[in-house]
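So the structure is just underneath, and the comments pick up after that.
The values are calculated or read from the model by the stated rules, or taken from the named source; none is laboratory data. This is a predicted model, so every value here is computed, not measured. We place every Cβ from the backbone using ideal geometry, glycine too, and count neighbours over all the protein chains shown.
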Amino acid sequence: MINGFPHIPYARESYSPEEMLQRAQQYYQWLDQRRTVRDISNQPVSREVIEQIVSAASSAPSGAHKQPWTFCLVSDSSMKKKIREAAEEEEYQSYHGRMSDRWLQDLQAIGTDWHKPFLEEAPWLIIVFKKVYELENGEKHNNYYVNESVGLACGFLLTAIHHAGLVALTHTPSPMNFLSKILDRPANERPFLLIPVGYPKDEALVPDLQRKSLSEVAVFFE
Ligand code: IYR
């Protein structure tokens, strides 16, 4: 017991140093193959798979273990159509005046525009909401490190999707309030990310991008 709360022994996995290095290398090589894919096929994905992926995401660490997230899982075609229409309306405005020239220039290499067919074609849309506060007996209690926590859960979500052999797109239509309305979310929930999930189309293309080298992203103090 700690402060009157039960604690249990941590069940650890352990590996030899050689095995540890091999596992670390293999995991990196596998994860490095993940790509953001916009060409998502309409081939169905079972609800059971989505349930496991979301359960994996919800195992992420969070401030004071509040798990301040809600995952809305949309396969309903009429709802996907509504989401696409509303997103494209906002995105049209963004691409025609709201985004800076520099921003539009940076997106040239990725090849995006205001058309968002994947919002209707993907078998599932995962809309992640952050819970800014909880309502307990009518009282508001702010959650802690909400953006960090929900960002971590989304990271876990993306690796779970990759592990299942599916692809995803981290989409951020802006502004995103239309998602709260269409999905009828309560006031304590704010849209965080919209993630279409499915199989890649056979003809899917991705930008030929290079990732930064370790020395560009890491600074060791030994
Ligand atoms: N939200 C827009 C624009 C966009 C912004 C960034 I930063 C990207 O990496 C990609 C797209 C859209 O989804 O098209």
Out of the stretch 141-169, which residues are out of contact with any helix residue (DSSP H, G or I) (no Cβ under 7 Å at 6 or more places or on another chain), polar (S, T, N, Q) and within 30 Å of HIS115 (Cβ to Cβ)?
ASN147
Of all residues in the stretch 101-154, which are under 14 Å from the mean Cα position of the chain (by Cα), more than 16 Å from the ligand (Cβ to nearest atom) and either closer than 23 Å to ASP39 by Cβ or β-branched (Val, Ile, Thr) (or both)?
TRP124, VAL150
Restricting to the stretch 177-191, and then to whatever is in contact (Cβ under 8 Å) with a residue 40 or more places away in the chain and hydrophobic (A, V, I, L, M, F, W, C), can you tell me which residue is surrounded by the most Cβ atoms within 10 Å (Cβ to Cβ)?
LEU179
Which residues, taken from the stretch 53-64, are closer than 25 Å to PRO207 by Cβ and exposed (fewer than 15 other Cβ atoms within 10 Å of the Cβ)?
none
Could you check GLU120 against (1) in contact with a helix residue (DSSP H, G or I) (Cβ under 7 Å, 6 or more places away or on another chain); (2) without any contact (Cβ under 8 Å) to a residue 24 or more places away in the chain; (3) of a type in the set (Asp, Glu) and say which number it fails?
(2)
Lone qualifier among LEU194, LEU157 - being touching a residue at least 60 places away in the same chain (Cβ under 8 Å), in contact with a His (Cβ under 8 Å, 6 or more places away or on another chain) and not small (Gly, Ala, Ser):
LEU194
Tell me which helices (runs of 4 or more DSSP H) are completely within the stretch 28-111 and hold 2 or more residues being modelled with pLDDT of 95 or more and in contact with a Leu (Cβ under 7 Å, 6 or more places away or on another chain), or say none if there are none.
47-57, 77-93
Determine which member of the set ILE2, ILE50, ILE8 is out of contact with any helix residue (DSSP H, G or I) (no Cβ under 9 Å at 6 or more places or on another chain), of a type outside the set (Phe, Trp, Tyr) and buried (at least 16 other Cβ atoms within 10 Å of the Cβ).
ILE50
